[in-house]
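The values are calculated or read from the model by the stated rules, or taken from the named source; none is laboratory data. All figures in this text were calculated on a predicted structure; none of them were measured in a lab. For neighbour counting, all protein chains shown are included, and Cβ atoms are generated from backbone atoms with ideal geometry for every residue, glycine included.
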Amino acid sequence: MLAADETLFRSQDVFDPDYTPEQFEFRDAQLREMSFCLKPGLKKGRPSSALLIGQPATGKTTSAKLVFQQLKETSSAIIPVYINCHLQSSAYKIFSEIRRKVLGMPPPDSGVPLAKIQDEVFVELAKKKKSLVVCLDEINYLLPEGVADEILYIILRAHEVYPGSKTAVFAIATEDIMHTFSDKVRSTFSPVRIEFKPYSGQETLEILKGRRDAGLYPDVLSDALLEQIADSASDLRHAIELMKQSALAAESDASKKILPKHVEKAEKSIHPSEASSDSMVILTLIREKKSMESGELFEQIKHSLGISYTTFYRMLRRLEAGGFIEIESVAAKDGKGRSSRIRAK
Ligand SMILES: Nc1ncnc2c1ncn2[C@@H]1O[C@H](COP(=O)(O)OP(=O)(O)O)[C@@H](O)[C@H]1O
Ligand SMILES: [Mg+2]
């Protein structure tokens, strides 16, 4: 039994979404490319812009933050500014943040026009003889209203209004977004493309083991259960969250170890809105028809979702674990073998 004042966590922060892991493997090539883009800026040249592309949870944000951290420790020639465009999605908010980093403080109040903030930023940069690199993470949030075009244009054309300005942008997106920019922007923004391929199953497991060892006490979570978590999770971020929720479930059960029932409980705590969008498409179809055979359902979605039967079936299992559907084994319609009947709950 786990005493009331005991915990399974060596450190709970290790499972936070914005935790920077001490061990960060498999991304050396990308980190090197990013450092290479910054290099000219260290020698009074102009840093290069980059576009970091990859599926969610492939280490893009962590890589950008690590490179900026390293830069801050080694040189003051470049001022790096990291922006999450989901949280700061207007040109005003973004420039206020840039001003905060360049001048050491945000604008005095919201009545200051954007043009004045820009002016202060670029005049200060010229005075300090420094370059500016702005990372626009999740830049897709800026696309709909044309804010991305506006921001990129202001930052990358600064040298026309303020001669000698040296600026670059690191944009982060899940897909190639170059076609969404105006011609005006595309003629100034020609980033180095840096790709973040999904981790292999083996790499994912290694990363998860590192996270487990840093966050939980020894023997709390077995390799076998960790593999089960990795299999049932939609991606690395989800797996890390499942690990944390499983440990919390074990703690509330006063168990010294995470058991399969705790992992199941953690899987159930996931709300459908947090499930992957592919799973939601499948769930919506099942809810419309109330009840379907798995083969029939797969035929309907396989082309639009482009997934294999194995992936499809794993999603069904996850929806079942989440309590959204019931899967029942029935005799197949053609009389040969068995099939699964799926019912919405
Ligand atoms: N190579 C890695 N080593 C250790 N942890 C990683 C690695 N790649 C990603 N992670 C972890 O996975 C989660 C998602 O990574 P993140 O950088 O936010 O991905 P992205 O920005 O591509 O969605 C974070 O918790 C991060 O610490
Ligand atoms: Mg990210």
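Looking at the range 164-209, which of its residues are polar (S, T, N, Q), buried (at least 18 other Cβ atoms within 10 Å of the Cβ) and within 16 Å of the chain's Cα centre (by Cα)? Matches in the range 164-209: T204 only.
The set of residues in the range 56-91 being among the β-branched types (V, I, T) and either near ligand 1 (Cβ under 10 Å from one of its atoms) or in contact with a helix residue (DSSP H, G or I) (Cβ under 7 Å, 6 or more places away or on another chain) (or both) consists of T58, T61, T62, V67, I78, I79, V81, I83. Starting from residues that are touching a strand residue (DSSP E or B) at 6+ places or on another chain (Cβ under 7 Å) and among the charged types (D, E, K, R), keep the ones in the range 137-163 and report whichever is surrounded by the most Cβ atoms within 10 Å (Cβ to Cβ). Checked the range 137-163; the qualifying residue surrounded by the most Cβ atoms within 10 Å (Cβ to Cβ) is D137.
Residues satisfying the criterion are present in the range 212-221 (criterion: outside the structural domain of L42 (by TED's automatic domain parsing), surrounded by 15 or more Cβ atoms within 10 Å (Cβ to Cβ), under 21 Å from the mean Cα position of the chain (by Cα) and in contact (Cβ under 8 Å) with a residue 60 or more places away in the chain). K93 satisfies every condition listed in (1) at pLDDT below 95; (2) crowded, with 20+ Cβ neighbours inside 10 Å; (3) within 26 Å of T188 (Cβ to Cβ); (4) not aromatic (F, W, Y) except (2).
Taking only pairs six or more apart or across chains, which ones have beta-carbon atoms under 9 Å, a first residue in the range 34-61 that is assigned to a loop (DSSP other than H, G, I, E, B), and a second residue that is near ligand 1 (Cβ under 10 Å from one of its atoms) and of a type in the set (D, E)? Qualifying pairs under 9 Å: Q55/D235; P56/D235; A57/D235; T58/D235. Filtering F324, F312 for residues that are surrounded by 14 or more Cβ atoms within 10 Å (Cβ to Cβ), over 30 Å from R10 (Cβ atoms) and out of contact with any strand residue (DSSP E or B) (no Cβ under 9 Å at 6 or more places or on another chain) leaves a single hit, F312. Residues of the range 292-320 that are among the acidic types (D, E), in a helix (DSSP H, G or I) and closer than 19 Å to K333 by Cβ: E296, E299. Could you go through the range 46-55 and let me know if any residue there is outside the structural domain of K244 (by TED's automatic domain parsing), within 8 Å of ligand 1 (Cβ to nearest atom), surrounded by fewer than 15 Cβ atoms within 10 Å (Cβ to Cβ) and more than 21 Å from D213 (Cα to Cα). Yes, that holds for at least one residue.
Under the condition of being away from ligand 2 (no atom under 16 Å from the Cβ) and buried (at least 19 other Cβ atoms within 10 Å of the Cβ), the residues counted in the range 56-76 number 1.
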